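Every number in this text was worked out from the coordinates using simple rules, so none of it is lab data. Note that the structure is predicted; figures quoted are calculated from it, not measured. When we count neighbours, we look across all protein chains shown, and the Cβ atoms used for this are built from the backbone with ideal geometry, even at glycine.
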Amino acid sequence: MLDLEDFNRQLQERQDYIEANLPRFMPSPHDYPPVLHEAMHYAVFNGGKRLRPLLVLEGARLVGGELEPALPFACAMEMIHSYSLVHDDLPAMDDDDYRRGQPTCHKVFGEANAILAGDALLTRAFEVMASADSTAGLEARWVVQAIREVAMAAGNQGMIGGQVLDLEAEGKELDLEQLKAVHSRKTGALFRASLRSGALIYGVQDERLQALTDYAEGFGLGFQITDDILDVEGDERALGKPIGSDARNEKMTYPQLIGIEGARRMAHTCLQEAIDSLEIFGVEAEFLRSLAFHMLERKS
């Protein structure tokens, strides 16, 4: 396991690499019509941990692939994630005014433009993944399979389906399995697709793909539980948004269902399972192990 200083250094290096390459795959903010492209840039370049693109690149690296061919998928995953946040923040959804310490996209550009910017980010992501320039050197059949993986994760059986379940559950009591089913789709699906697509573009179908899938399952659930805990007792300045939004929206959360300490124990168990799943990769997976290990310490 990496110590905190070494982990933070490696995390920053990976985030900087993604940050430097994201503009390559985004349209210019000066493209016509400007309000659309400005809103798209506002959504993507408004901070963020870049976890999903980071996981794409780690998936590729751990199966012996080069990072450059995986970059289109990495950046596409960030576009999809950003679009989902824009739509989540809308008055018809979670009705949030702040995201990452800044006014949400619809507060700056209006609801209609925010909806369209989200739509444009989603479709741009698939354009980037399917571009011949982006996928040069990769086998077409594996690229197609990876794109299908992402589409399923973002769609009706994945993130969008999870958002519908989340909205339907407002004001209702859920049991633990029902709550996990919501978050497996709403949050976990993109984490799974990120790691899996990074490996799939290189044609990996063996136990390494299963190990990455198992890691994503534990990591995604641990991430969501930690997120729920932060919404109860986090620092609003560190989070960049008001705490307590889940309670205001009458959303069932892990702390509400099993208590803060029960949620912490469950998050620890999930993240430990994620760590244990990476044995097949040996020391090459130390960064991913450390990412899960230090997740419990996150403040935002």
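You will find that of LEU221, LEU230, LEU209, LEU195, the residue that is touching a Ser or Thr at 6+ places or on another chain (Cβ under 8 Å), in a helix (DSSP H, G or I) and surrounded by fewer than 24 Cβ atoms within 10 Å (Cβ to Cβ) is LEU230 and no other.
Each row is one residue, and each column tells you yes or no for (1) acidic (Asp, Glu); (2) part of a helix (DSSP H, G or I); (3) surrounded by fewer than 18 Cβ atoms within 10 Å (Cβ to Cβ).
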| residue | (1), (2), (3) |
| --- | --- |
| LYS251 | no, no, no |
| PRO255 | no, yes, no |
| ILE258 | no, yes, yes |
| GLU261 | yes, yes, yes |
| ALA267 | no, yes, no |
| GLN272 | no, yes, yes |
| PHE281 | no, yes, no |
| GLU286 | yes, yes, yes |
| LEU291 | no, yes, no |
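Screening ASN156 on (1) outside any helix (DSSP H, G or I); (2) buried (at least 21 other Cβ atoms within 10 Å of the Cβ); (3) free of Cβ contacts under 8 Å to residues at least 40 places away in the same chain shows it passes everything except condition (2). Among residues of segment 105-122 that are without any contact (Cβ under 8 Å) to a residue 24 or more places away in the chain, those with a beta-carbon under 9 Å from a residue that is of a type in the set (Val, Ile, Thr) and in a helix (DSSP H, G or I) at least six positions away or on a different chain give the pairs HIS106/VAL86; HIS106/ILE115; GLY110/VAL35. Among the residues examined, LEU165 does not qualify as farther than 29 Å from LEU67 by Cβ, part of a loop (DSSP other than H, G, I, E, B) and of a type outside the set (Lys, Arg).
Restricting MET266, MET252 to those that are in contact with a Phe, Trp or Tyr (Cβ under 9 Å, 6 or more places away or on another chain) and more than 22 Å from GLN10 (Cβ to Cβ) reduces the list to MET266.
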